[in-house]
Amino acid sequence: MKHDITIVGGGVIGLSIAYYLKKKAPDLDIAVYEAKYIGYGASTRNGSHIRVHFWSEPNVVFAIKSRKMMLSLAKETGWNPTPYIGGYLWLIYDEDTYQAYKHTNRDIWSKYGVAVEFLDPEEVIERYPYLNPGKLITGVLGVQDGKIHHDFVTYAYAYKFKNMGGKIYEYTPINSIVLEEGRIRGVDIGGKIIESEKVIVAAGAWSKSLMESIGITLPLTPSRKELSVLEPVNFFIKPLIIDMRPSSRGLYVCQTPRGEVMGSVDYPEVQGVYEFNNTIKYLSTYARAVIRLIPALKYLRVLRIWSGDYNVSADHSHIMGRDDEWPDGLYVATGYSGHGFMMAPYTGLLMSEYIIEDKIHPDMEPFLPTRFKEGRLVKEMMVIG
Amino acid sequence: MDGDDPPPPKPLSIKLLENEVYAFQKSLKFKRPRGLRNLTWWGSERINLKTGYNINPNIVDEEFLDEIKLEKIGGITSKLVWIMRRRLGAGFYHNTLFRNSLIWKIFSSMLTKFLPYPYPDMSQAPVDKYPLQIYIDCDVLIVGGGLTGLTIAEELSKYIRNIVVLDGDQKGFGGYAAFLDSTNRNLKNLYNKLRKKGVKIVNGGVFQGFLEDGYIAYKYDTNQTIRIDSDVIIIATGSYEIPPLYENNDIPMTISLTTLLKLVMGYSITKLKKGILIGGMGDLIPALETLKKKGVDLFLVYRNKIPEKLRRFLEEKGIQYYENVYRISSKGRERVEYVTIVDEKGETLNIEVDFVAYSPIVAPDKEVVAQLGIKYVFDTRLGGYVPMHNLYGEIGPDLNFYIAGSAGGYIPIEYISDYAIITARYILNKIYGKGEGYESSASTLMNKIKETHPEIYEGLNSLDAAYRNNRSYEFVGWEKPPNIFHGDPTKIFVCFDMDILYSDLIHMYKDLGIWRMEHIKRYSGLGTGICQGRDCQLNASIIINNLSGKSFLDIGRFRARFPVIPQTLISLAGVET
Ligand SMILES: Cc1cc2nc3c(=O)[nH]c(=O)nc-3n(C[C@H](O)[C@H](O)[C@H](O)COP(=O)(O)OP(=O)(O)OC[C@H]3O[C@@H](n4cnc5c(N)ncnc54)[C@H](O)[C@@H]3O)c2cc1C
């Protein structure tokens, strides 16, 4: 067996790349290898939020285009990702953060039509009477942000790619990348070498170790996050709410259009690749923080809980493309931190242009892996989903 | 159950049944009327269980209780959506119509306005007190106080002091065996004896699962979290019945055999005079005997040929039966009123009933152990998906967790006690270096099983061998699965929470090529409701296996997630770490 292009990882990133590649070059033999099932990594475990509010310009630009693609995905793939644009609401408790939002708005957001409303505490309570926000300074509302069903996006790409003749191998892990004379020869699967012109590593939290095995170090730190869903109740929490009190430990909470209340805290901190377990620490910390913010939730019951990895890069922005010093034919798309789902459509499109036409789009340029050695970081402070 | 204590308060569901309200549950997604199906514990509606209950007494208000009346269930939006969804399939929102973003926007905002749930109590008062957590610190924790759990506790208590039995029932002991004439008395004595002996039996406590930094249980009657510190944990959670697939299997008063026994024996509900029992594997005889004594008139329906021993029993007792049944359908509004049965030759029979009971497949209740992420085999002789373990219940040589009794695969009831004793002796020997040998009693038992139930003997041996070789296997012995009947697939429910129909699975497989359980869950939401796949996952895999011929191990099962039953946030907030 032999492929033109092999993609390591059947997450939303790998599948989006696969789909756009196949669309651009239907005659190429393109294969996705997935160690478990489609979406096993972060792609089926995330909070499924999309936003255009980033703190660095390249991310804002990227996110706006990705959002647009996301919203027309139903027509593109035949799967409706069921968007619900309910907004993001940041609850801000200290002056510095408040000022930082003001500056970002002035310097970046206003330039690109990224809308924000600054709400004073009374307004917050009036609009969101279920909140018990404590000593709030201000609420920042971003109305263009919202939720999209993450599974539908991941699976839409997978099934569409397959229907166009693409190959997906589930439960087929790639042991290693095989090199020959300074270029890619293929991949090792179960001790057998499958030849391939090009290999794209989109293996989420596992990318770091895979790249390290061929001597390439990427500045990545996987970080496990836990999430839970409460039983459904009538819809009353419209935006995703982010409580920025340090004592709330990065609490965010939202309600899905089917009524389930979903949320998380940034605790405990577990770095590295571990089993997708859960902890009592998370449950009790989350319960306390979310009950403090929304007392109405106190008697709601936890239906299920799970965990997944943020694959955090040194500057919290994703890494896509290649470094010319790498073996020929090797590409990556990884390090999406807490926002890889929303960036997936545009990533797929730009990577396919790059791989097939060797064209580096200006929107992609800032995210090349070479930025770390060149000191051109895309510092992104806003990491939550 | 215990002579000294006052009886526990009647659960809401029982009060409703007594008042002839049958459709008091609703499906999660489309608010379809439902009644109880698998009533696992006393006081069940406080916690939902494996049923798809969505009555949370903490947020139930008068209005909501009022709404429980069938006429009000649903509401116009739910009904419209349901009609649409029925025509367009489970993934109806992927239909061309909804791919238009404007239409979707209008539709989704309408949906959020009319979700079929109550609001929580919106009072703003900050919460300053949480329920205190309970500590259990013991040598051995036994999860499940049924025949297996109590027998093990008795055997262990000969050598070990600090034993705790955790049972989901608010009172009493276990599931099936506790309500059979033949075993009820022994169990009652055993229960009292153990309590006198100092074995701690905690009722109303559900073991929720294994978390990385500890294990917790939930005492739902007092809304408290239990922190557990135990050297050994024995999982004796028993088995439960998988709902059969036939036309209109969602109408209220379609219940598991164990639920029927509980209602009749445990709650003395007298309105259940006449019904059919859809049987398959399992110990029907002691249940039939018990129910007959109570004057319940049963008509046995069998998908396949009735086994000889059972047939002799039925004829001797004059119980009517129907075998090789091809098609069933129920009719009724607030509850099943009659059932139509068609055999393979097309002969038809209408039976008026008060209920439909079922016990076609008795599957191990492995939700707790599934969280440990151990391997599975698929063996129809043992009830479908079975966690890997050896004959004695060991699930890993270095793990201090064990599976006991029918939680590890179907065991005929007459052997449950002996089997439990062997597990107990194995644990005593291996961990404490105490007690009698287990090997000779094990081989005696296996020989007995071989004589009376050769299939199960084979199953247990294959499982044991698989464990030793660390290799999974698949055994599918059903010619015709005992739980699938012919009928209009748009009227057969597979997932009762998310309203997924047989026809949806056909559509997913045939039109979209979706067949892995993980994909099915993601596409349709199957198994993401309150039952979390307990009721529907095996059925869905049987259907896919039938449609595609793919193996059960390839079809796979989705990961079991904490918690076993839904647990309130406030009870978790009080937990110290
Ligand atoms: C709790 C949580 C909440 C989040 N919330 C949001 C959010 O709201 N919005 C948002 O945009 N993003 C969110 N994210 C981030 C987002 O989920 C990820 O950035 C995104 O899914 C990354 O996709 P991926 O395809 O790169 O990685 P993954 O989805 O992890 O896919 C990588 C795949 O590679 C496979 N693989 C690994 N090694 C091999 C190998 N050797 N051979 C074959 N296959 C292999 C893995 O099995 C895996 O399936 C969240 C993440 C988490 C954990």
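The values are calculated or read from the model by the stated rules, or taken from the named source; none is laboratory data. Note that the structure is a prediction, hence the values are computed from the model and not measured. Here the Cβ positions follow ideal geometry from the backbone for every residue, glycine too, while neighbour counts run over all protein chains shown.
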Residue under evaluation A:Met70, criteria (1) assigned by TED's automatic domain parsing to the domain that holds A:Met342; (2) part of a helix (DSSP H, G or I), criterion not met: (1)
Give the residue that is farthest from the other protein chains (Cβ to nearest Cβ), with candidates limited to residues of the stretch A:224-250 that are closer than 26 Å to B:Gln532 by Cβ and not in a strand (DSSP E or B). A:Ile237
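One line per residue, one yes/no per condition, for (1) in a helix (DSSP H, G or I); (2) within 27 Å of A:Arg301 (Cβ to Cβ):
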position: B:Leu102; (1), (2): yes, no
position: B:Ile106; (1), (2): yes, no
position: B:Pro126; (1), (2): no, yes
position: B:Lys129; (1), (2): no, yes
position: B:Tyr135; (1), (2): no, yes
position: B:Val140; (1), (2): no, no
position: B:Glu154; (1), (2): yes, no
Which ones in the stretch A:209-239 are farther than 23 Å from B:Gln567 by Cβ and within 10 Å of the ligand (Cβ to nearest atom)? A:Ser209, A:Leu210, A:Ser213, A:Pro222, A:Ser223
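Residue-by-condition table, conditions (1) touching a residue at least 24 places away in the same chain (Cβ under 8 Å); (2) closer than 26 Å to B:Thr380 by Cα:
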{"position": "B:Thr237", "(1), (2)": "yes, yes"}
{"position": "B:Tyr240", "(1), (2)": "yes, yes"}
{"position": "B:Leu245", "(1), (2)": "yes, yes"}
{"position": "B:Asn248", "(1), (2)": "yes, yes"}
{"position": "B:Ile251", "(1), (2)": "yes, no"}
{"position": "B:Leu291", "(1), (2)": "yes, no"}
{"position": "B:Gly295", "(1), (2)": "no, no"}
{"position": "B:Phe299", "(1), (2)": "yes, yes"}
{"position": "B:Arg333", "(1), (2)": "yes, no"}
Return a yes/no flag: does the stretch B:481-496 have any residue that is surrounded by fewer than 20 Cβ atoms within 10 Å (Cβ to Cβ), away from chain A (no Cβ under 14 Å) and part of a strand (DSSP E or B). yes
Is there a residue in the stretch A:79-97 that is more than 16 Å from the ligand (Cβ to nearest atom), more than 22 Å from A:Tyr20 (Cβ to Cβ) and of a type in the set (Phe, Trp, Tyr)? yes
Only one of these conditions is not met by B:Cys138: (1) in contact with a helix residue (DSSP H, G or I) (Cβ under 8 Å, 6 or more places away or on another chain); (2) under 30 Å from B:Tyr410 (Cβ atoms). Which number is it? (1)
Among the residues of the stretch A:27-57, what is the count of those that are hydrophobic (A, V, I, L, M, F, W, C), part of a helix (DSSP H, G or I) and within 23 Å of B:Leu553 (Cα to Cα)? 0
Within the stretch B:240-290, how many residues are farther than 25 Å from B:Arg312 by Cβ, touching a helix residue (DSSP H, G or I) at 6+ places or on another chain (Cβ under 8 Å) and part of a strand (DSSP E or B)? 5
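Table: residues versus (1) within 30 Å of B:Met517 (Cβ to Cβ); (2) surrounded by fewer than 23 Cβ atoms within 10 Å (Cβ to Cβ).
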{"site": "A:Tyr171", "(1), (2)": "yes, yes"}
{"site": "A:Ile174", "(1), (2)": "yes, no"}
{"site": "A:Glu181", "(1), (2)": "no, yes"}
{"site": "A:Arg185", "(1), (2)": "no, yes"}
{"site": "A:Asp188", "(1), (2)": "yes, yes"}
{"site": "A:Gly204", "(1), (2)": "yes, no"}
{"site": "A:Ser207", "(1), (2)": "yes, no"}
{"site": "A:Ser213", "(1), (2)": "no, yes"}
{"site": "A:Ile216", "(1), (2)": "no, yes"}
Return the residue satisfying two criteria in turn: it lies in the stretch B:347-364 and is surrounded by 14 or more Cβ atoms within 10 Å (Cβ to Cβ) and among the hydroxyl-bearing types (Ser, Thr, Tyr), and of such residues it is nearest to B:Gly408 (Cα to Cα). B:Ser359
Only one of these is of a type outside the set (Gly, Ala, Ser), part of a helix (DSSP H, G or I) and touching a Gly at 6+ places or on another chain (Cβ under 6 Å): B:Lys510, B:Lys521. Name it. B:Lys521
Out of the residues in the stretch A:283-311 that are within 30 Å of A:Ala333 (Cα to Cα) and crowded, with 20+ Cβ neighbours inside 10 Å, state the one that is farthest from the other protein chains (Cβ to nearest Cβ). A:Asn311
Near pairs, Cβ below 9 angstrom, 6+ apart or cross-chain, from the stretch A:203-214 (among the hydroxyl-bearing types (Ser, Thr, Tyr)) to any residue that is assigned to a helix (DSSP H, G or I) and within 6 Å of the ligand (Cβ to nearest atom): none
With the requirement that a residue be in contact (Cβ under 8 Å) with a residue 40 or more places away in the chain and within 14 Å of the ligand (Cβ to nearest atom), what does the stretch A:250-271 give you? A:Gly250, A:Leu251, A:Tyr252, A:Val253, A:Cys254, A:Thr256, A:Met262, A:Ser264, A:Asp266, A:Glu269, A:Val270, A:Gln271
Sole miss for A:Lys22 among (1) more than 9 Å from the ligand (Cβ to nearest atom); (2) modelled with pLDDT of 95 or more; (3) within 14 Å of chain B (Cβ to nearest Cβ); (4) touching a Phe, Trp or Tyr at 6+ places or on another chain (Cβ under 7 Å) is condition (3)
So which residues in the stretch A:149-180 are among the small types (Gly, Ala, Ser), within 16 Å of the ligand (Cβ to nearest atom) and not in a strand (DSSP E or B)? A:Ala156, A:Ala158, A:Gly166
From the list B:Ile422, B:Ile427, B:Ile492, B:Ile449, exactly one residue is modelled with pLDDT of 95 or more and in contact with a Pro (Cβ under 9 Å, 6 or more places away or on another chain). Which is it? B:Ile449
Pairs returned, first residue in the stretch B:165-178 that is in a loop (DSSP other than H, G, I, E, B), second residue that is at pLDDT below 75 and among the hydroxyl-bearing types (Ser, Thr, Tyr), beta-carbon separation under 7 angstrom, 6 or more apart or interchain, are B:Gly168/B:Thr40; B:Gly175/B:Thr40
Among (1) under 24 Å from the mean Cα position of the chain (by Cα); (2) buried (at least 20 other Cβ atoms within 10 Å of the Cβ), there is one condition B:Ser571 misses while meeting the rest; what is its number? (1)
The one condition A:Tyr282 fails out of (1) in a loop (DSSP other than H, G, I, E, B); (2) at pLDDT 95 or above; (3) aromatic (Phe, Trp, Tyr) is (1)
Go through the stretch A:240-249 and give me each residue that's over 22 Å from A:Arg301 (Cβ atoms) and within 13 Å of the ligand (Cβ to nearest atom). A:Ile242
Spans of helices (runs of 4 or more DSSP H) in the stretch B:537-577 with at least 2 residues within 30 Å of B:Ile226 (Cα to Cα) and within 11 Å of chain A (Cβ to nearest Cβ): B:569-573
Just to check your reading of the model, which residue among B:Met253, B:Met265, B:Met281 is surrounded by fewer than 22 Cβ atoms within 10 Å (Cβ to Cβ) and either within 24 Å of the chain's Cα centre (by Cα) or in the same structural domain as B:Leu150 (by TED's automatic domain parsing) (or both)? B:Met265
Mind checking whether some residue in the stretch A:58-65 is within 10 Å of the ligand (Cβ to nearest atom), outside any strand (DSSP E or B) and on the phi < 0 side of the Ramachandran plot? yes
Any pair with Cβ under 7 angstrom, 6 or more apart, that starts in the stretch B:116-141 at a residue that is facing chain A (nearest Cβ under 7 Å) and ends at one that is small (Gly, Ala, Ser) and assigned to a loop (DSSP other than H, G, I, E, B): B:Tyr117/A:Gly259
Considering each residue of the stretch B:544-555, count those that are surrounded by 23 or more Cβ atoms within 10 Å (Cβ to Cβ) and of a type outside the set (Phe, Trp, Tyr), and give that number. 1
